[in-house]
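Peer 1: What follows is a single structure, and I will ask about it in a moment.
The values are calculated or read from the model by the stated rules, or taken from the named source; none is laboratory data. Quantities reported herein were computed from a predicted structural model and do not represent experimental measurements. Positions of Cβ are backbone-derived with ideal geometry, glycine not excepted, and every protein chain shown enters the neighbour counts.
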Amino acid sequence: MLSHSYSRLGVCGCLLLMLSTVAIGCAKTNEYQPPPPVEVNVATPLIRDVTIYMEETGTTEAVERVEIRARVEGFIEEIKFEPNEIVEANQVLFVLERRRYQAARDMASAELDAQKVSLEKAKIEYARQKELFDKKATPETNLVAARAEMDGAEAAVLSAEAHLDEAQLNLDYTEVRTPIKGQVGKALVKKGNLVTGSPSTHLATVISYDNIYANFSITERDYLEFLDTKESMGADTASDVPLYLARATDDDFPFQGRFNFADLAVDESTGTFAVRAIFPNPNQKIVPGLFVRIRAPIEVKKDALLIPERATGFDQTGTYVLIVNAENEVERRNIEVGNKFGEMVVALAGLEPTDRVIIDGIQQSRPGAVVDPKETTLTMDESLLNPPGPKPKSTDSQPDADVPSRPMNDQPPRTEGEPESSQS
């Protein structure tokens, strides 16, 4: 009996020992284990010589735009164009009824012939009176009267000639022509409708797209910096520096032009300087009224640092990047960014060439955390760094946009087709 009790106690002791061991083992297994460091891709900045740009927004405007208007009253007999057709200068677009003006022209011509006959009669009479006066066969009053009659007949001839010119001009105005070459819009008045010359009826609009203006404004500071730095581009005047244009759908700046006009003074109310550029547009890919971006090179920056734009962040304190130090800890670095070249941006300040910038994994990183950096090498399209245009003075490259231009604050050249004119 006693041995059986001892046996039960031994079994219980073994069970207690086993439970204790299991409990101790579980306690060790449930201890907190720190997560492994976040894996991030890091790279040092690319070091390149880049062209620094000034960028502004603006709107486009037609260099030549003409509203075709009626100069005389009449019914439209013919419309001699199709909408969006390319028309040549002096091409007839509308024909108004002509019979009324042909009759007026013929009447004026007949009146001129009658006045010429009267003038000949007056000249003969004057000559006769002068001969008699020389022979003392007529009084001087008859000679004076004959001279006055002849002068009146000459004036009547001049008046008749003016009436004939006016009648011919009105007849010519029945053929409504375009003064410029360009693309014509739709006819605003249909065939058979009556149009008037005063007030003049707007019949159609013709716009030339061969060249296009882009109007924009720059700040006073940008203007002064541009004047100070344009010499580094090998340019003697502002008109020697090319400008680049991008539409809303363009990723880069595919259109190249030049400065064409600059205002005479800075606007004191806004502190801005009005500027106009002109761009060749042979394929008509730029239309008037677009909101566009304008880029002007102002400086060639040596050994600039470039990083992917996706590696940058922005908050209330400004733009920043995350870098990994020698201990693989993340540090925040506030930077100043400049122009964008494809997917890359220029770091103007705040970054060193040896800094390891987090390229991928920035969302999972935070300052002070330890990460597992994986080195990668940055690449980019090198052609984006220095597009066609002016280079430092040691380079012979010159802009190739063959369009009118002038230096800032010089008198503008006379250009064909000032915007918004009215003519038939």
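Peer 1: Condition (residue is buried (at least 18 other Cβ atoms within 10 Å of the Cβ) and at pLDDT 90 or above) applied to region 222-238: is it met by at least one residue?
Peer 2: No, region 222-238 has no match at all.
Peer 1: Same structure, new question: Let me spell it out: the conditions are (1) within 30 Å of residue 199 (Cβ to Cβ); (2) in a helix (DSSP H, G or I), and residue 114 meets all of them except one. Which number is the exception?
Peer 2: All conditions pass for residue 114, except number (1).
Peer 1: Give me the pairs: first residue in region 68-89 and within 27 Å of residue 198 (Cβ to Cβ), second residue of a type in the set (Asp, Glu), beta-carbon distance under 8 Å, and six or more apart or on different chains, which are they?
Peer 2: Correct list of pairs: 74/97; 75/97; 77/97.
Peer 1: Using the structure shown, decide if residue 130 is free of Cβ contacts under 8 Å to residues at least 24 places away in the same chain and over 22 Å from residue 196 (Cα atoms).
Peer 2: Numbers: free of Cβ contacts under 8 Å to residues at least 24 places away in the same chain: yes; over 22 Å from residue 196 (Cα atoms): yes.
Yes; evaluated as a whole, the condition is true for this residue.
Peer 1: I need the strands (runs of 3 or more DSSP E) fully contained in region 257-374, keeping only those with at least 1 residues that are among the basic types (Lys, Arg), closer than 30 Å to residue 212 by Cβ and in the same structural domain as residue 52 (by TED's automatic domain parsing).
Peer 2: 272-280, 291-308, 336-341
Peer 1: crowded, with 20+ Cβ neighbours inside 10 Å, over 23 Å from residue 384 (Cα atoms), modelled with pLDDT under 90 and of a type in the set (A, V, I, L, M, F, W, C), is that true of residue 341?
Peer 2: no
Peer 1: Considering only residues that are surrounded by 15 or more Cβ atoms within 10 Å (Cβ to Cβ) and not small (Gly, Ala, Ser), look in region 212-221 and name the one that is farthest from residue 281 (Cα to Cα).
Peer 2: Of the residues in region 212-221, the ones surrounded by 15 or more Cβ atoms within 10 Å (Cβ to Cβ) are 212-219.
Now drop any that are not not small (Gly, Ala, Ser), which leaves 212-213, 215-216, 218-219.
Numbers: 212: 6, 213: 10, 215: 16, 216: 18, 218: 24, 219: 27 Å.
Only one residue tops the list, namely 219.
Peer 1: Which one of these is in contact (Cβ under 8 Å) with a residue 60 or more places away in the chain and out of contact with any Gly (no Cβ under 9 Å at 6 or more places or on another chain): 312, 354?
Peer 2: Working: 312 fails: in contact (Cβ under 8 Å) with a residue 60 or more places away in the chain.
Result of the check over 312, 354: 354.
Per-residue answers, yes or no, for (1) aliphatic (A, V, I, L, M); (2) at pLDDT below 90; (3) in contact with a Ser or Thr (Cβ under 6 Å, 6 or more places away or on another chain):
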| position | (1), (2), (3) |
| --- | --- |
| 201 | no, no, no |
| 216 | no, no, no |
| 242 | no, yes, no |
| 262 | yes, yes, no |
| 281 | no, no, no |
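Peer 1: For residue 395, state whether it is surrounded by fewer than 19 Cβ atoms within 10 Å (Cβ to Cβ), among the β-branched types (Val, Ile, Thr) and modelled with pLDDT of 80 or more.
Peer 2: So residue 395 does not fit the description; no.
Peer 1: In contact (Cβ under 8 Å) with a residue 12 or more places away in the chain, in contact with a helix residue (DSSP H, G or I) (Cβ under 9 Å, 6 or more places away or on another chain) and exposed (fewer than 15 other Cβ atoms within 10 Å of the Cβ): does that describe residue 147?
Peer 2: Judged against the criteria, residue 147 is not a match.
Peer 1: Hey, another quick one. Scan region 84-103 for residues that are of a type in the set (A, V, I, L, M), at pLDDT below 95 and in a helix (DSSP H, G or I) and report the count.
Peer 2: So the answer is 0.
Peer 1: Can you tell me which residue among 297, 367 is surrounded by 12 or more Cβ atoms within 10 Å (Cβ to Cβ) and touching a Phe, Trp or Tyr at 6+ places or on another chain (Cβ under 7 Å)?
Peer 2: 297
Peer 1: Yes or no: region 259-275 includes at least one residue that is under 30 Å from residue 44 (Cα atoms), in contact with a helix residue (DSSP H, G or I) (Cβ under 9 Å, 6 or more places away or on another chain), surrounded by 19 or more Cβ atoms within 10 Å (Cβ to Cβ) and not β-branched (Val, Ile, Thr).
Peer 2: Within region 259-275 (the criterion being under 30 Å from residue 44 (Cα atoms), in contact with a helix residue (DSSP H, G or I) (Cβ under 9 Å, 6 or more places away or on another chain), surrounded by 19 or more Cβ atoms within 10 Å (Cβ to Cβ) and not β-branched (Val, Ile, Thr)), the answer is no, since none of the residues qualifies.
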